[in-house]
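Undergrad: First, the structure itself, so that you have it in front of you.
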Amino acid sequence: MLQVNDTIVLSDSDLSFAFIRSSGPGGQNVNKVATAVQVRFDLANCTVLTDEVKVRLGRLAGKRLTAEGVLIITARRYRTQDRNRQDALRRLTELIQKALIAPKPRLKKGPSKTAQERRLQEKKRHSDKKQQRRGVSDLDE
């Protein structure tokens, strides 16, 4: 079981672990021992998370989300399976916690007072410039 926050707990059936060979530190031992960990989280079939959170999590996951809706996190930072497993679970937890935070809605606002004044002054300057280019005969008409 993975405790994400006070209300969300992922069961072991939602997660699966695969141990693969790592390309990281370890010398010749790296060719013999599968220390890297792949955590697979079935996002599409998860019942604990709401649909909104699933959509945000899918967006945050990016390429780590497969077409079937499985989120794959690979951890190979450490030399032991246990530490890599803990690292992968920590990263999954952080990703879910980010997805739980709903973005603030954007408020539509018009241009500021100073921006409006600046625009009007620029228009006036442009108008004066054009006015000065006119010939004398244009002013009589």
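The values are calculated or read from the model by the stated rules, or taken from the named source; none is laboratory data. Predicted model, so just to flag it, every value in this text is computed and none were measured. In this analysis, Cβ positions are derived from the backbone assuming ideal geometry, glycine residues included, and neighbour counts consider all displayed protein chains.
Undergrad: Can you pull out the residues in segment 43-60 that are under 16 Å from LEU15 (Cβ atoms) and either surrounded by fewer than 15 Cβ atoms within 10 Å (Cβ to Cβ) or out of contact with any Gly (no Cβ under 8 Å at 6 or more places or on another chain) (or both)?
TA: ALA44, ASN45, CYS46, THR47, VAL48, LEU49, LYS54, LEU57
Undergrad: Still on this structure: Only residues in segment 106-118 that are surrounded by 10 or more Cβ atoms within 10 Å (Cβ to Cβ) count as the first member; pair them with residues that are in a loop (DSSP other than H, G, I, E, B), Cβ under 9 angstrom, at least 6 apart or cross-chain, and list the lot.
TA: Correct list of pairs: GLN116/GLY110.
Undergrad: Consider segment 61-114. How many of its residues are at pLDDT 85 or above, closer than 19 Å to LEU10 by Cα and small (Gly, Ala, Ser)?
TA: Total meeting the criteria: 1.
Undergrad: Please enumerate the residues belonging to segment 17-32 that are modelled with pLDDT of 75 or more and either part of a strand (DSSP E or B) or of a type in the set (A, V, I, L, M) (or both).
TA: Correct list: PHE17, ALA18, PHE19, ILE20.
Undergrad: Return yes when LYS104 is assigned to a helix (DSSP H, G or I) and basic (Lys, Arg) and no when it is not.
TA: In short, no.
Undergrad: I've got another one for you. Would it be correct to say that ALA61 is in a loop (DSSP other than H, G, I, E, B) and farther than 30 Å from LYS32 by Cα?
TA: Criteria not met by ALA61.
Undergrad: Oh, and also: Scan segment 61-84 for residues that are buried (at least 18 other Cβ atoms within 10 Å of the Cβ) and of a type in the set (Lys, Arg) and jot them down.
TA: Hit for segment 61-84 is ARG76, nothing else.
Undergrad: So, one more: Of GLN97, GLN81, which residue is out of contact with any Asp or Glu (no Cβ under 8 Å at 6 or more places or on another chain), of a type outside the set (A, V, I, L, M) and closer than 30 Å to LYS32 by Cα?
TA: Exactly one of GLN97, GLN81 is out of contact with any Asp or Glu (no Cβ under 8 Å at 6 or more places or on another chain), of a type outside the set (A, V, I, L, M) and closer than 30 Å to LYS32 by Cα, namely GLN81.
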